[in-house]
Amino acid sequence: MTQAPSQAPSAAYNSLVSRDKKVLCQTYGRYPLAIERAVGSRLYDVDGREYVDLLSGIAVANLGHSHPELLEVMSRQAQDLIHISNLFYQPKQVELAEKLLSTCACDRVFFCNSGAEANEAAIKLARRFMRTVRYKDAFEIITLSGSFHGRTLATLTATGQSGRIKEGFEPLPEGFTTVPFGDIEALKDAISGKTAAVLIEMVQGEGGVLPLPEAYVRQVQDLCHEANCLFMVDEIQTGLCRTGRFWAHQHFGLSPDVFTTAKGLANGLPMGAMLAKEHVARGFAPGSHATTFGGGGVLSAVASKVVDIMLRDDLAGRARDLGNLAIEAFRKIQTALPDKIRTVRGLGLMIGIELIGPGEAMHAELRERGFVCNLAHGKVLRLLPPLVISADDLLAFAAALEDILRTDT
């Protein structure tokens with residue numbers, strides 16, 4: 001890897017930032033990087049500097065950037081069919097649905113454009129299923145504190161975080177309740193005859209990489225069955241081999257009534273999906289829910305190839321093995337420097353390193369040394385690298401992290 005030297009912003013960078021600020025809504029707190037191209041697990045900025053990508057577009061480029069097999073499929077499919085809408089039957093869409101369903105215990109798929117839309121579909125399905133199939137006036141969705149489910153008004157309300165993320169958007173939709181993370185008694189108290197579903201993440205990504213305890217998630221599923229409400233899992237970040245299984249809920253032998261995915265589904269193209277069991281899917285009927293772009297020709301063809309490659313190359317197993325390697329390396333640093341790292345947690349290649357004290361300076365120094373990762377809640381280094389990243393890259397990051405921590409007085 002070519003180390004990114006510390007230097008003043010270039011004219012090319014400054015020009016791009018100036019143009020950005022003039023024409024785009026300023027909704028993002030951007031890192032001071034202008035990325036021009038990416039290949040594999042490498043990013044290159046407008047000045048040609050190289051970085052190891054430990055973020056993969058926020059768990060999106062699971063197969064790395066510019067994957068040659070995906071580029072070939074994208075080009076070939078674009079010559080045949082890009083978009084016709086969901087008013088028509090589409091071979092590539094059906095093929096993708098069949099492949100996804102072969103990886104799990106669900107029976108039906110709804111394709112959309114993003115994770116927020118997939119969660120929105122799950123929420124709508126839960127409510128409509130209760131009213132049109134069970135003839136029950138149950139509409140409430142229960143989620144956990146620290147969760148993140150999207151930016152639409154409904155998924156924002158479902159998100160178990162406060163502060164700026166919800167500020168100014170009131171009044172938010174009714175019918176959502178948040179209970180404390182990992183507190184099964186609080187969940188028991190919250191479930192009522194009005195509860196349509198409980199929606200959880202196996203690992204809270206935006207919450208700081210917080211895996212839910214195995215015993216707890218099993219109890220959540222059992223509670224849902226006892227209360228006759230739906231058990232739903234948000235796999236937007238955790239799905240598609242990220243945690244060491246194709247779907248994170250499979251670590252614990254769970255069988256959700258509904259679960260959602262997006263992020264890495266089409267490896268950078270905007271695509272999401274909601275998967276449901278047969279009896280629950282009956283809650284939707286023609287015209288009850290729809291999307292113009294969901295599951296189009298190019299998207300479905302690329303996503304279908306993504307699934308093929310993940311299964312062929314056992315990327316779930318690779319994520320498990322590399323994740324174990326990385327977490328072990330980080331925990332050795334924690335043991336050696338207990339005054340610098342509070343904890344290391346994660347599952348597969350979804351890893352959080354919680355620092356003691358603010359992490360902004362550490363995050364910036366890692367970037368200067370050529371490593372791009374995420375900083376959550378100002379103190380958690382969040383790693384979501386491509387599943388094809390090398391062990392050497394992960395260990396190089398660990399070495400840089402340790403060096404910075406040891407020299408930081």
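Laboratory data are not the source of any read-out in this text; all were calculated from the coordinates shown. Being a predicted model, the structure only gives us computed values, none of them experimental. All Cβ positions, even for glycine, are placed from backbone atoms using ideal geometry, and neighbour counts span all protein chains on display.
Fully extending the segment from Asp392 to Ala215 would add 60.3 nm, taking 0.36 nm per residue of separation and subtracting the current Cα-Cα distance. Here the extension length gained between Glu226 and Ser255 equals 9.0 nm, from 0.36 nm per residue of separation less the Cα-Cα distance. Here's the picture: charge each Lys and Arg Cβ at +1 and each Asp and Glu Cβ at -1 in the chain, and of Ala399, Gln219, Leu384 the one pushed furthest to the positive end of that dipole is Gln219.
Spin-label point model (7 Å from Cα, Cβ direction): what's the Asp314 to Tyr89 distance in nm? Roughly 3.8 nm, to one decimal.
For Rg and Dmax of the Cα atoms in Å, pick the label among (1) 23.2, 77; (2) 21.5, 74; (3) 21.5, 65 that corresponds to the value derived from the coordinates. So the calculated entry is the one marked (3).
Here the range 169-221 has an Rg and Dmax of 12.5, 36 Å, counting Cα atoms alone. Using the alpha carbons alone, the radius of gyration of the range 68-312 stands to its Kirkwood radius in an Rg to Rh ratio of 0.96.
For the range 68-312, calculate the relative contact order in percent as a whole number, restricting contacts to Cα pairs under 8 Å that are 6 or more residues apart. The normalised contact order for the range 68-312 reaches 31 percent.
Approximating the spin labels as points 7 Å out from Cα along Cα→Cβ, the Arg164-to-Val23 distance works out to 2.5 nm.
In the range 291-328, whose amide N lies under 18 Å from the spot 7 Å out along Cα-to-Cβ of Ala78? List them in ranges. In the range 291-328, the label zone of Ala78 (backbone N under 18 Å from the point 7 Å along Cα→Cβ) covers 295-306.
Given H placed 1.01 Å from N in the peptide plane, which residues other than close sequence neighbours of Ile351 have an amide H under 5 Å from its amide H? Close amide H contacts, sequence-distant or interchain: Leu383. Show that you can apply the helix-only estimate: for the chain, add -39,500 (n - 2.57) for every DSSP H stretch of four or more residues, divide by all residues, and state [θ] at 222 nm to the nearest 500. Mean residue ellipticity, 222 nm, calculated: -11500 deg cm²/dmol. Using the Cβ of Arg345 as centre and a radius below 12 Å, the other residues enclosed give a net charge of +2, where K and R count +1 and D and E count -1. Using Cα positions and a limit of under 28 Å, work out the lysines in reach of Lys277, with same-chain residues fewer than 8 apart set aside. Result set, ordered by chain and number: Lys92, Lys99, Lys124, Lys136, Lys188, Lys194, Lys263, Lys305.
Placing pseudo-labels 7 Å out from each Cα toward the beta carbon at Thr335 and Leu172 gives an inter-label distance of 4.2 nm. Give the shape of the range 366-409 as rounded, prolate or oblate, defined through the alpha-carbon gyration tensor: a ≥ b ≥ c are the square roots of its eigenvalues, a/c under 1.5 means rounded, and otherwise the shape is prolate if a/b is larger than b/c and oblate if not. Cα axes put the range 366-409 in the oblate bin. Look at the alpha carbon pairs under 8 Å that are at least 6 residues apart: their mean separation over the length of the chain gives a relative contact order of 22 percent.
Local charge for Pro9 was computed over the other residues whose Cβ lies under 12 Å away, with Lys and Arg +1 and Asp and Glu -1, and equals -1. Take the Cβ atoms of Val46 and Glu368, set R0 to 22 Å, and the FRET efficiency comes out at 0.85.
The charge dipole of the range 68-312, taken about its Cα centre with unit charges on the Cβ atoms of Lys, Arg (+1), Asp and Glu (-1) only, comes to about 420 debye.
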